[in-house]
């Protein structure tokens, strides 16, 4: 899983030597985007004019931004896309998709129901605080000027939530409860142990530590507590009890738009559901074969019990989880040249998820800073090691690091001719699809250390393709969704099943991206292998897939098919 708040972006913002109509639009769009979303710039080591502020979530700022989007779209409409080649063709494709998706999803009014536990402010802003540049007088002063505005950001959020309730928009009630619990975790304990204390914890200046402590004590903590108390007293009782977006105004149209934004495919939700049912059945066959080899059973309920009861499938300590994950990454790094001609320059480090959030968070990846100031970070939960399954941890490590997210996103950062806007735009179907494909690729490379770890990979079924439209198209309830996961996923505990259900409710369409993208990449590979026969080169295929960054799946299909024709 890639944290949305931390998309990887390049340092080069200057216009190319020979500006084109496409690059001029892209330059203007990127400059405005970095001002609109300064959090993304900060996470990736970029200085912007808005570095002393946070994202402006006010209705007035949104209206201005949408008008600018409409002007950029009109400018793209005046360009003959069929005649574009090279970098302009790629840049145009990214811009077109991002702007069209933004317009499509306006119908969802997501600014009116932003309470969610996966990447809302309570989950992502501690990472932002940890990435705050300090260490110099100028940086310290800027950090203080910026974070003193955080209470204003929270007040704007409350105003939007009030407007949402009045218009019939709200977050599912249990998701609100999860966010309240997150904030309670942020506020627990002494100030100097708070996740929001990170800028002071990494800076040696006593005066700055004192100023930050005062800011946290007098401004930030009271503002977070006031937001939390308002949620509990005023929002939670009115939050929707229905689970999917069907209950919101224009719910079906909203889900279609969100699904297209997440996957980059204009896919019908019912068609996605049907594809998911078939894909789950197909992969379950492979999982049952492996289960019989490892545990002598192909019954999924029995397998769940065996996975839970087997001492060899659990960890002895928090350190055991971290060392096991590091060993998997080290093996993968050593094997990469067999499948890839170009390797990432940025290193990747393991970082534990902060204690306040480790119980409820899933592992995720934070990209390296484009200026080289920070490595890629694989964020893992060390919570209750004796309850965590060893069987799936290697697959998750390969997904999040190499040959998954870290490899793909680092190579995108290294592209010499790419316009930086292509790295600012997130294509979940490609990014998450590649990471799932990388899990299977790791099996081809022989990276799984035991048959149990191979089993752990293949019981990770494409259930998101079923459950996501199940919730948002077919109206599944939370208990129905949890029950579906428990019946199909022997690697899921009841808590894990509940967490995935709540994730679907918080972020419609996102859980469908993983196998939607992976199956498309695998289809393209099989077609290329069939067409090219002995001339097929896996390193050349991967160079084609990764060579333009995080493209849309339709763009990827067109590129790979053209490469096959040219190679023949």
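We did not get these values from a lab; they are worked out from the coordinates using the rules stated. Remember, predicted model here, so these are calculated numbers, not experimental data. No Cβ is skipped: glycine too gets one built from the backbone with ideal geometry, and neighbour counts run over all protein chains shown.
Which label belongs to the value computed from this structure, given these candidates for P(r) over Cα pairs in 10 Å bins from 0, in percent: (1) 3, 16, 26, 23, 12, 4, 3, 3, 3, 3, 2, 0, 0; (2) 3, 17, 28, 29, 17, 5, 0; (3) 3, 15, 23, 23, 18, 10, 4, 1, 0, 0, 0? Only one listed value fits the structure, namely (2). So if we plug the beta-carbon distance of residue 188 and residue 474 into 1/(1 + (r/R0)^6) with R0 = 30 Å, what FRET efficiency do we get, rounded to 0.05? In this case the efficiency is close to 0.15. Within the chain, antiparallel bridges make up roughly 30 percent of the DSSP beta bridges whose residues both belong there. In this structure, residue 567 and residue 341 have a Cβ-Cβ separation that, at R0 = 22 Å, corresponds to a calculated FRET efficiency of about 0.90.
Here the simple spin-label model places points 7 Å from the Cα toward Cβ, and for residue 301 and residue 355 these points are separated by 4.1 nm.
Gain on full extension, evaluated as 0.36 nm per residue between residue 543 and residue 66 minus their Cα-Cα distance, stands at 168.1 nm. Arranged from fewest to most other beta-carbon atoms within 10 Å of their beta carbon, 111, 432, 289, 520 become 289, 111, 520, 432. Shown for segment 4-250 is the translational diffusion coefficient from the Stokes-Einstein equation, using the Kirkwood radius over Cα pairs, a temperature of 25 °C and a viscosity of 0.890 mPa s: 122 µm²/s. The gain in end-to-end length when the residue 246 to residue 320 segment is fully stretched comes to 22.3 nm, 0.36 nm per residue minus the alpha carbon separation. Taking R0 as 30 Å, what FRET efficiency do you get between residue 31 and residue 83 from their Cβ-Cβ distance, rounded to the nearest 0.05? Once the sixth-power term is evaluated, E becomes 0.70. Ordering of 455-463, 243-251 by packing is 455-463, 243-251, highest average first (other Cβ atoms within 10 Å, averaged per residue). Spin-label model, residue 450 to residue 58: label points 7 Å out along the Cα-to-beta-carbon direction sit 5.8 nm apart. Placing dummy labels 7 Å off each Cα toward the beta-carbon, the span from residue 103 to residue 167 is 1.9 nm.
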